[in-house]
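For reference, the structure is listed below as structure tokens.
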Amino acid sequence: MKKPVRIAVTGPAGNIGYALLFRIASGAMLGPDQPVILQLLELPNEKAQAALRGVAMELDDCAFPLLHGTVLTDDAKVAFRDADWCLLVGAKPRGPGMERADLLKDNGKIFIAQGRAIDEVASDACRVAVVGNPCNTNCMIAAAQAKRLGPERFTAMVRLDENRGRTQLAQKAGVLVSEVQSLYIYGNHSPTMFADFTHATIGGKPAADVIGDRTWLETDFLPKVGKRGAEIIAARGSSSAASAAGALVDHVRDLSTPGAVHSVAVRSDGTYGFADGVWAGVPVRTTTAGSYEVLRGYEMSDFARGKLQATNDELTSERDTVKELLA
Ligand code: NAD
Ligand code: LMR
């Protein structure tokens, strides 16, 4: 029997939490032979804590063989103690008419205290995945607090955008989604993101050739992927939850699987023209479980470079907005 992996989740009583915990406990994230201990951090108010107790009762009632323990707490240091993964979901979602960056004022400060607590008490091998929006910049805020854990341990989630884009291409081409490969998301988890169809493949052939409609790719596909979150909010009345949880399962699983290549927002070192120190989506390959390398070799056209510039401008402007939270 393997040693259990300790997974801290913030916001476990929220919408994403409710879709996420059961998949982690079932083995979907780390595999069918990997036991887990869930360390769940909710707000201290009674409503949130009661909801958390209810979710924990349901976890119990599933009798998951891989769930070797559940910790319920309102104390970040209890939640993150010895954690191998910290999944930072707990934050306000946006409503209709808002952009994700509008959440910075309320959500940004959450990530100061949590970044500090993670650095203090999580395991030496700990990795962090930020989902709470705007996730790229919140991730930068959390990482700025870390003195012990390096910035490469802090990642933000753009995998939902990759999954969305692959499905849009598959539906347009009339193929299964598994036929669509190498669609990577660059930049911010916002409408400026660049879903790079220019290097994607469908059935092993260039996606642009298979689709055969460059205008659709530029003027339908890109905004569709970039604004899918808002489309879901308009339809559901609340933001994506099950698909976000699914993407987080994919994000953590692929970062734990040597050889897997996928889109992850990581600290920029200037690759693809992103400003040094912002968290930008790029393609990464997992090297050994626990580390990854950025795939730096994709040649970008003038069109692609324009898109990269626009999303980089937005990331640097978010960074400027929160500069007092980065000290
Ligand atoms: P929700 O309101 O349903 O749940 C949020 C939960 O977090 C609540 O239970 C709340 O009590 C808790 N919470 C708030 N602040 C907390 C804190 N400081 N510590 C611990 N818990 C805290 O929201 P949701 O739908 O689950 O979405 C959560 C976040 O994820 C939002 O910011 C949303 O915009 C974001 N999101 C990101 C992506 C992505 O692709 N990156 C996708 C979907 C949603
Ligand atoms: C999404 O992409 O669905 C999330 O970031 C939620 C949102 O605000 O769009």
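The table that follows gives values for the structure above.
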quantity	calculated
Low-density loop cleavage sites - trypsin sites (Lys or Arg not before Pro) in region 258-327, where at most 14 other Cβ are within 10 Å (DSSP)	Arg296
Taking the chain and dividing mean pair separation by its residue count, relative contact order in percent (alpha carbons under 8 Å, at least six apart)	17 percent
Relative contact order computed over region 144-246 (Cα-Cα under 8 Å; 6+ residues apart), in percent	22 percent
Accessible surface of the chain [probe 1.4 Å, protein heavy atoms]: carbon and sulfur percent	53 percent
Cβ-Cβ FRET estimate between His68 and Thr219, R0 fixed at 56 Å, reported to 0.05	0.65
Volume in Å³ per residue [convex hull over Cα atoms, computed for region 159-321]	122 Å³
Residues of region 159-321: accessible area per residue with a 1.4 Å probe, Å²	41 Å²
1.4 Å probe accessible area per residue over region 1-150, in Å²	42 Å²
Kirkwood Rh and Cα Rg combined as Rg/Rh, region 5-156	0.96
Average Cα contact separation per residue, region 1-128, under 8 Å, 6 or more apart, as relative contact order %	30 percent
MRE, 222 nm, helices only [DSSP H, n ≥ 4, -39500 (n - 2.57), over the chain, to nearest 500]	-11500 deg cm²/dmol
Net +/- balance of residues flanking Leu104 in space, Cβ distance below 15 Å, scoring K and R +1, D and E -1	0
Trypsin sites (Lys or Arg not before Pro) restricted to region 113-165 and DSSP loop, no more than 14 other C-beta within 10 Å	Lys147, Arg148
Of Lys172/Lys227; Lys227/Lys307; Lys205/Lys227; Lys109/Lys147, pairs whose Cα-Cα distance is over 20 Å	Lys205/Lys227
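The values are calculated or read from the model by the stated rules, or taken from the named source; none is laboratory data. Predicted model, so just to flag it, every value in this text is computed and none were measured. Cβ: placed from backbone, ideal geometry, glycine included. Neighbour counts: every protein chain shown. Remember, those area values only see protein heavy atoms, side chains included, never the ligands or the DNA or RNA. Shrake-Rupley method; radii C 1.70, N 1.55, O 1.52, S 1.80 Å.
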